[in-house]
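Undergrad: Right, I'll just put the structure down here and ask away after.
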Amino acid sequence: MVQSMNKQAAIRKQILRKVKSFFLSGEKRKFIPGKTAIPYGGRVYDEKELAALVDSSLDFWLTAGRYASEFEERLARFLKMRYCILTNSGSSANLLAISALTSPLLGKRRLRPGDEVITTACGFPTTLNPIVQNQLIPVFVDVKLGTYNIDPELTGRAVSQKTKAIFVPHTLGNPADIDEILRIVRRHDLWCIEDNCDSLGATYRGKFTGTFGHLSTCSFYPPHHLTMGEGGAVVTNDPLLRRIVLSFRDWGRDCWCETGHDNTCGKRFTQKFGALPFGYDHKYVYSHIGYNLKITDMQAAIGCAQLSKLRRFVRARRENFAYLCRQLRGYEHHILLPQKTRNSEPSWFGFPILVRDSAPFTRAEMVSYLEERGIATRMLFGGNLTKQPAHEKITCRIVGDLTNTDRVMNSLFWIGVYPGITRAMREYSAHTIREFMDAT
């Protein structure tokens with residue numbers, strides 16, 4: 001038995017050495033300005049991710065396992081939080097965060113159908129969708145131009161007797177005005193959820209975003225700050241919220257045993273639940289109407305290798321962002337450059353450019369010029385979500401108007417600053433943008 005295990009370990013080492021050699025033997029593509037595409041985002045990896053992926057596959061533990069546990073522990077430690085719960089996407093993380101707050105285990109503080117959740121209409125639909133899916137009422141407030149984050153003054157005005165939570169995204173890696181948001185949360189005893197999917201590594205007053213709310217979420221889709229291909233996480237300091245999130249993630253089960261373990265509570269066959277017979281197997285007791293949103297260990301293995309590079313990735317994003325800011329400073333009569341939130345150090349997801357109404361060109365013309373020259377652009381996700389086909393007829397409330405959100409929808413785009421953008425790429429991007437504006 002021992003001899004067999006030693007033989008397998010030796011073969012595994014040989015395989016992983018070959019995997020690393022395979023990666024290092026690959027041809028590196030040279031950047032050719034105007035011909036080589038510059039993506040808005042993408043995966044940045046090396047032989048370590050590939051080796052971790054293969055190492056996990058050799059275990060053939062196809063659901064969450066040792067790598068998932070390692071990643072959860074390490075990300076929680078990085079953020080200085082107690083709990084990290086992995087899931088299969090950032091979208092699922094948002095769904096779990098909102099759904100968790102509907103749990104009967106929260107007593108009088110649980111969210112019920114018809115309760116209100118304040119959020120922004122300017123962003124990605126997966127911040128909004130879980131509110132609607134849980135029969136809650138989204139209350140939309142406008143954003144501030146420059147930071148593109150939720151307006152705290154309007155947020156305070158939006159609170160009603162039905163308001164129970166605020167769901168705050170940190171737009172494109174730029175932290176929201178957390179001081180003001182938390183004042184509102186404390187004053188009205190609200191739940192606070194941070195959508196940190198675009199902002200991992202950003203700080204506010206020296207503390208990481210995703211650590212201020214009762215719950216926060218991350219995404220590990222390829223363009224994000226680190227990747228597992230797909231993947232996401234919910235982060236919290238609250239042991240009860242952790243238990244509820246795990247239940248919703250794992251079919252709604254009441255049991256909290258890790259995969260492959262039984263009877264962690266020591267009472268597997270000695271409890272009474274609802275109308276079930278006494279002693280019914282706790283592994284098959286369901287306390288929530290849940291989902292199956294778990295991750296695979298192979299994805300988590302990639303994440304573990306990526307996590308070691310997170311600080312370097314964040315630094316590269318900041319450097320690329322700062323370079324573009326310097327290069328475009330003299331063109332602010334045509335475009336509005338992004339502004340970081342006071343007291344923050346963003347972990348930029350992209351570089352937003354708002355074309356001014358007075359500019360002699362349109363966003364469409366500028367975007368077309370860049371795309372034709374290989375520079376990928378993106379809108380600020382769904383623009384004004386209330387005007388999306390999926391959301392036109394949802395029940396909602398709007399406080400004030402959404403003038404700035406409409407400006408974003410009509411006049412803003414962004415380009416990439418992700419770590420895969422080299423110095424030559426960013427120089428070409430800045431040159432091309434200046435070239436376009438100089439010619440108009």
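Values quoted throughout were computed directly from the atomic coordinates according to the rules given, and no laboratory measurement underlies them. Every value quoted in this text rests on a predicted model; they were computed, and no experiment measured them. Positions of Cβ are backbone-derived with ideal geometry, glycine not excepted, and every protein chain shown enters the neighbour counts.
Undergrad: Return D297, D238, D254 ranked ascending by Cβ neighbour count within 10 Å, so the fewest neighbours appear first. Don't skip to the answer; put the middle values down first.
TA: Details: D297 25, D238 14, D254 17.
With the fewest neighbours first, D297, D238, D254 line up as D238, D254, D297.
Undergrad: With Cβ to Cβ distances under 14 Å as the rule, what net charge do the other residues near V19 carry (K, R +1; D, E -1)?
TA: +2
Undergrad: Follow-up. Using alpha carbons only, how many angstrom separate the centre of region 376-440 from the centre of region 94-169?
TA: Going from one Cα centre to the other spans 23 Å.
Undergrad: I need the Debye-formula profile for region 55-306: one equal scatterer per C-alpha, no solvent, reported as log10 I(q)/I(0) at q = 0.09, 0.12, 0.13, 0.15 1/Å, two decimals.
TA: Each listed q maps to, in turn, -0.40, -0.69, -0.80, -1.04.
Undergrad: A follow-up question, please. Output the relative contact order of the chain, whole-number percent, from Cα pairs under 8 angstrom with separation of 6+ residues. Write out the running numbers ahead of the final one.
TA: Working: 886 pairs, mean separation 98.1, N = 440.
Relative CO of the chain lands at 22 percent.
Undergrad: Sort 231-237, 268-274 for me by packing, meaning the mean count of neighbouring Cβ atoms within 10 Å per residue, highest on top.
TA: Output ranking for 231-237, 268-274: 231-237, 268-274.
Undergrad: Here's a follow-up. Would you please state which residues of region 214-236 a label at S57 would reach in this model, taking the label point 7 Å out along Cα→Cβ and a backbone N cut-off of under 15 Å?
TA: 229
Undergrad: Would you mind listing how long region 309-439 runs along its three principal axes, going by Cα atoms, in whole Å with the largest first?
TA: If we take the Cα atoms of region 309-439, the spans are 48, 39, 27 Å.
Undergrad: Straight distance only, please: which lysines reach the Cα of K164 with their own Cα at less than 29 Å, same-chain residues fewer than 8 apart left out?
TA: K80, K108, K144, K207, K294, K340, K387, K393
Undergrad: Tell me the relative contact order for region 55-306 as a rounded percent, counting alpha carbon contacts under 8 Å between residues six or more apart.
TA: Details: 527 pairs, mean separation 61.7, N = 252.
Contact order relative to length: 24 percent.
Undergrad: If you don't mind, another one. 7 Å from Cα along Cα→Cβ at both Y284 and E435: what's the point-to-point distance in nm?
TA: With each label point 7 Å from Cα toward Cβ, the separation is 6.7 nm.
Undergrad: While we're looking at this one, here's another question. Please give the net charge around Y221, taking every other residue with its beta carbon less than 12 angstrom from that of Y221, where Lys and Arg add +1 and Asp and Glu add -1. Could you put the intermediate results ahead of the total?
TA: Values: positive: R43; negative: D198, E230.
With Lys, Arg at +1 and Asp, Glu at -1, the neighbours total -1.
Undergrad: Bin width 10 Å, alpha-carbon pairs only: give the P(r) of the chain as whole percents, running from 0 to the bin holding the largest distance.
TA: Going from the shortest bin to the longest, the percentages are 4, 20, 28, 25, 15, 6, 2, 0.
Undergrad: Pop a pseudo-label 7 angstrom from the Cα along the beta-carbon direction at both K30 and N292 and give the gap in nm to one decimal.
TA: Going by the 7 Å Cα→Cβ label model, 5.1 nm.
Undergrad: Can you compute 3J(HN,Hα) from phi for each residue in region 10-23, using the Karplus curve 6.51 cos²θ - 1.76 cosθ + 1.60 with θ = phi - 60°, rounded to whole Hz and x for Gly and Pro?
TA: In residue order, the calculated couplings are 5, 5, 4, 4, 4, 4, 5, 5, 5, 4, 5, 5, 4, 5 Hz.
Undergrad: Enumerate the calculated ³J(HN,Hα) couplings along region 136-148 in order (Karplus 6.51 cos²θ - 1.76 cosθ + 1.60, θ = phi - 60°), each rounded to whole Hz, writing x wherever the residue is Gly or Pro.
TA: Each residue's phi maps through the Karplus curve to give 9, 9, x, 10, 9, 10, 6, 10, 9, 5, x, 8, 6 Hz.
Undergrad: Also, I was wondering about something else. Apply the Kirkwood formula to region 1-140: the hydrodynamic radius equals the inverse of the mean of 1/r over all pairs of different alpha-carbon atoms; give it in Å with one decimal.
TA: Here the Kirkwood hydrodynamic radius works out to 19.9 Å.
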